[in-house]
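What follows is a short report on a single structure.
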Amino acid sequence: MLLKYKKFCLLIVTLLLPWQVNADKIHDPTKPQLKSLTSQTVSKTNTITGQVEKVSMPAMTLQGIMDRRDTKIAIISDQIYAKGDKINGYIISQINHDNVVLVNSETQRRLYIYE
């Protein structure tokens, strides 16, 4: 009787094992889809000539903002940043409740959550 019980348990474990392996592949529906992180084309006005130029810039995606005690933290392209940190030639000047302001010597850029 005990031998039949052990065989039955082994059979159940063998049948349920593939279910456990597939559980690791479940997609999180709340995780935002990342856009291409290579580059994006943006319009930039040349201050000398006044002409609008198309410039290729590294793409950055603001995925979330956390308020930890007195410091706000931004999650940009799967990395964590705080005010004053540098990212792709920009310095984070502000972290607001739904956007982040990036500045460099030429431009100011604002990233919005899930833009």
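What follows is calculated from the coordinates using simple rules that are stated; it is not laboratory data. Everything numeric in this text was worked out from a predicted model, so none of it was measured. No Cβ is skipped: glycine too gets one built from the backbone with ideal geometry, and neighbour counts run over all protein chains shown.
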Out of everything in the stretch 78-92 that is out of contact with any Lys or Arg (no Cβ under 7 Å at 6 or more places or on another chain) and in a strand (DSSP E or B), what residue ends up being nearest to T61 (Cα to Cα)? Q79
Go through (1) surrounded by 15 or more Cβ atoms within 10 Å (Cβ to Cβ); (2) over 14 Å from L111 (Cα atoms) and name the single condition G84 misses. (1)
